[in-house]
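The values are calculated or read from the model by the stated rules, or taken from the named source; none is laboratory data. Nothing here was measured: the structure is a model prediction, and the numbers come from that model. Don't worry about glycine lacking a Cβ; one is built from the backbone with ideal geometry, like all the others, and counts go over all protein chains shown. We work out accessible area using only protein heavy atoms, side chains counted, and drop any ligands, DNA or RNA first. Shrake-Rupley method; radii C 1.70, N 1.55, O 1.52, S 1.80 Å.
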Amino acid sequence: IKPIDLTILNLYPFEATVASGAAFEQCIENIDIGGPSMLRSTAKNHAFTTICTSPSQYAELQAAMEANNGNSTTLALRKRFAAKAFALSALYDSKIATYFAEQLKEEAPVVVKVYQPEFPLKYGCNPHQKPAQILSRFGTELPFDVLNGVPGYINLLDATNAWQLVVELKQATGLAAASSFKHVSPAGAAVAVPLKQVEYAAYECTPDTELTPSALAYLRARNADPLCSFGDFCAISDVVDEATAKYLKKEVSDGIIAPGYTEEALEILKKKKGGKFIILQAKGADYDAGALEYREVYGMTFCQTRNQIVINKEHMQKVVTAKNELSEGATRDLLVASICLKYTQSNSVGFAKDGMMVGVGAGQQSRVDCVKLAGRKVCTWYLRQHPKVLALPFNEGVKRQDRVNARVRYIEGDFTKEEKVRWLAQFKEVPDPLTEEEKSEFLSHSTGIAISSDAFFPFRDSIDHASKLGVSYVAQPGGSVQDPQVTEACDEYGMAMCFTGVRLFHH
């Protein structure tokens with residue numbers, strides 16, 4: 001018998017057998033014994049032998065052999081293949097140990113997670129955090145393909161959260177959905193609800209502009225808080241068409257994730273940012289992200305079941321206030337707000353109107369502070385529709401984002417002396433100030449806004465503040481000892497409130 005210099009093997013499909021729901025005896029029968037022995041012995045002897053454990057390695061193996069007269073491989077390749085073989089062996093044994101622990105109703109004696117490096121990152125959260133890279137779970141794919149650009153660490157955190165959000169919005173409402181993410185929280189999210197006449201003007205869009213459902217959803221998402229959406233990462237639930245790409249072309253954005261792109265849309269987006277615009281194509285609905293998720297922090301590993309709760313209309317059925325009816329539009333807006341908060345850093349509160357977020361308050365320790373933060377954004381959103389704001393006489397050539405910023409500062413009005421000089425330079429004539437009385441009078445007409453909270457309202461103060469903003473509908477998990485007082489407050493203001501029974505903390 002000649003010396004063996006190449007071993008190609010696939011282990012018995014133990015994990016697939018378990019996943020199929022097979023009986024205990026059949027699962028045990030599919031535990032490979034000889035395979036791991038050959039795998040480990042070949043890998044240990046990698047100085048002279050090559051171990052190949054996956055069809056994904058065949059092409060590289062064949063190329064290496066052809067480059068060496070068809071009968072040998074390089075030591076570097078054998079080392080890499082050996083490393084993958086030992087990783088596979090460790091993963092295989094950990095799956096068996098975990099299965100036995102589950103059968104015995106005990107904690108797993110050891111949990112082994114094996115990752116496959118996919119591509120390096122320029123750095124992590126900050127430039128000094130090097131090295132950094134993206135890895136996939138061994139034997140699985142990433143949830144997206146990179147079609148253009150070089151994504152960064154925070155880009156990908158934004159992309160994957162934004163994508164899950166729009167998928168769930170589409171499932172819950174049946175409408176095309178979009179989200180605009182910055183620093184792992186949504187600046188805005190929306191579904192495709194037709195614009196009102198005043199919104200065309202406020203969002204700098206003319207009625208003859210082509211707005212397909214995807215384009216409409218992103219226009220609304222972007223205009224929830226266009227100041228915060230500057231440099232966003234966006235997600236679209238549907239295939240991105242030319243109209244959506246043309247709208248996105250005008251905005252300052254880092255990247256996009258969507259299930260697909262038309263040829264025309266892809267051509268437009270690939271030219272954005274000098275060719276550096278990040279374009280990700282999400283995997284289909286059959287992508288399996290795994291039941292458990294792991295996170296390492298300061299030398300310890302957290303493990304939890306993924307938050308797979310699907311928020312839908314059923315969660316809005318338990319209305320506990322005297323006003324006990326929710327219109328179709330109110331239910332839709334409560335769904336939009338609640339699903340948005342599922343992917344917002346907690347504590348969080350969100351306001352929605354006409355299928356779009358109009359204020360997101362994220363990451364505050366006090367819930368009423370979330371309400372006040374998001375409420376300030378609601379006021380700014382609504383006041384952008386004020387006649388004085390719409391009539392601001394900008395000079396020719398003032399850039400789109402500069403106009404957005406100038407309108408917000410006009411609404412806020414708290415200029416420093418030096419800032420006021422630079423602000424005024426953008427206009428043909430000095431605008432009349434928007435007085436506090438004019439703001440209050442205009443805001444008094446706000447109504448029909450929905451508010452959702454990722455956890456219960458511990459006091460009625462949040463409802464008191466929300467009443468100043470035109471809130472008519474409330475969704476929250478309920479479960480506080482203060483629920484009766486909060487319900488009473490809603491009744492006093494004529495609001496309808498439902499208890500969803502689901503807390504949505506996100507960290």
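Computed from label points 7 Å out along Cα-Cβ, the spacing between LYS318 and GLN116 is 4.3 nm.
Note down the magnitude of the dipole of the chain about its Cα centre, charges +1 on Lys and Arg C-beta and -1 on Asp and Glu C-beta and zero elsewhere, to the nearest 20 debye. Show your work: numbers first, answer last.
Numbers: 54 positive and 59 negative charges, 283 e Å.
Rounded to the nearest 20 debye, it is 1360 debye.
Would you kindly calculate the mean projected area, averaged across all directions, of the convex hull enclosing the Cα atoms of the chain, in square nanometres?
Details: hull surface 121.9 nm².
If you wrap the Cα atoms of the chain in a convex hull and average its projections, you get 30.5 nm².
The solvent-accessible area of GLU141, taken with every protein chain present and a 1.4 Å probe, is close to 120 Å². Other residues whose C-beta falls under 15 angstrom from the C-beta of GLU15 contribute a net charge of -2, scoring Lys and Arg +1 and Asp and Glu -1.
Taking the alpha carbon gyration tensor of the range 73-196, what are the square roots of 5 times its eigenvalues, largest first, to the nearest whole Å? Can you show the working numbers first?
Numbers: eigenvalues 261, 110, 38 Å².
Calculated on Cα positions only, the semi-axes equal 36, 23, 14 Å.
Averaging the sequence gap over all C-alpha pairs within less than 8 Å and six or more residues apart, then dividing by the number of residues, gives the chain a relative contact order of 11 percent.
Centre-to-centre, using Cα atoms only, the range 454-507 and the range 125-140 are separated by 40 Å.
Per residue, how much accessible area does the range 141-202 have with a 1.4 Å probe, in Å²? Let's see the in-between values first.
Numbers: 2270 Å² over 62 residues.
It amounts to 37 Å² per residue over the range 141-202.
Computed with a 1.4 Å probe over protein heavy atoms only, the accessible surface of the range 380-435 comes to 57 Å² per residue. Under the membrane-span-like helix rule (DSSP H runs whose alpha carbons stretch at least 30 Å along the helix axis, mean Kyte-Doolittle hydropathy 0.0 or higher), the chain yields 75-103, 153-173. Each peptide in 356-362, 131-137, 243-249, 39-45 gets a packing score, the mean of other Cβ atoms within 10 Å over its residues, and the list from highest to lowest is 356-362, 243-249, 39-45, 131-137.
Relative to the Cα centre, what is the charge dipole magnitude of the range 206-303, using +1 at the beta carbon of each Lys and Arg, -1 at the beta carbon of each Asp and Glu, and rounding to the nearest 20 debye? The partial results should precede the final answer.
Working: 12 positive and 16 negative charges, 89 e Å.
It works out to roughly 420 debye.
Of all DSSP beta bridges confined to the range 196-322, the antiparallel ones make up roughly 40%. Note on the chain: dipole from Cβ charges, positive end direction compared against MET316, THR140, CYS52; the farthest Cα belongs to CYS52. With a 1.4 Å probe rolled over the protein heavy atoms of all chains, the accessible area of THR487, THR160 falls in the order THR160, THR487, largest first.
This model, with +1 at the C-beta of Lys and Arg and -1 at the C-beta of Asp and Glu, gives the range 303-345 a dipole about its Cα centre of some 160 debye. In this view, the solvent-accessible surface of LYS182, computed with a 1.4 Å probe and all protein chains in place, comes to about 60 Å².
Just want to confirm a number: the relative contact order over the range 31-180, from Cα pairs under 8 angstrom separated by 6+ residues, in percent.
On the way: 143 pairs, mean separation 20.7, N = 150.
The normalised contact order for the range 31-180 reaches 14 percent.
When DSSP beta bridges are restricted to pairs lying wholly in the chain, around 65% turn out antiparallel. Note on the range 334-400 and the range 141-194: Cα centroid distance 18 Å, given to the nearest whole angstrom.
Look at where the Cα atoms of the range 42-115 and of the range 198-215 average out, and the two centres are 54 Å apart.
Can you work out the accessible area per residue across the range 220-346, with the rest of the protein chains kept in place, probe 1.4 Å, in square angstrom? Before the final figure, lay out the partial values.
On the way: 6290 Å² over 127 residues.
Per residue, the range 220-346 has an accessible area of 50 Å².
Label-to-label distance for ASN307 and GLU25 is 4.5 nm, based on points extended 7 Å past Cα in the beta-carbon direction. Of the residues PRO207, PRO117, VAL166, the one whose Cα sits farthest towards the positive end of the charge dipole of the range 69-211 is PRO117 (charges of +1 on Lys and Arg Cβ, -1 on Asp and Glu Cβ, taken about the Cα centre).
Can you pull the percent of the chain's accessible area that's carbon plus sulfur, 1.4 Å probe, other chains left in place? Walk me through the numbers before you get to the answer.
Details: 13750 of 25500 Å².
Looking at the chain in its full context, I get 54 percent from C and S.
Dipole of the chain computed with +1 at Lys/Arg Cβ and -1 at Asp/Glu Cβ about the Cα centre; of PHE351, THR73, GLY329, farthest Cα towards the positive end is THR73.
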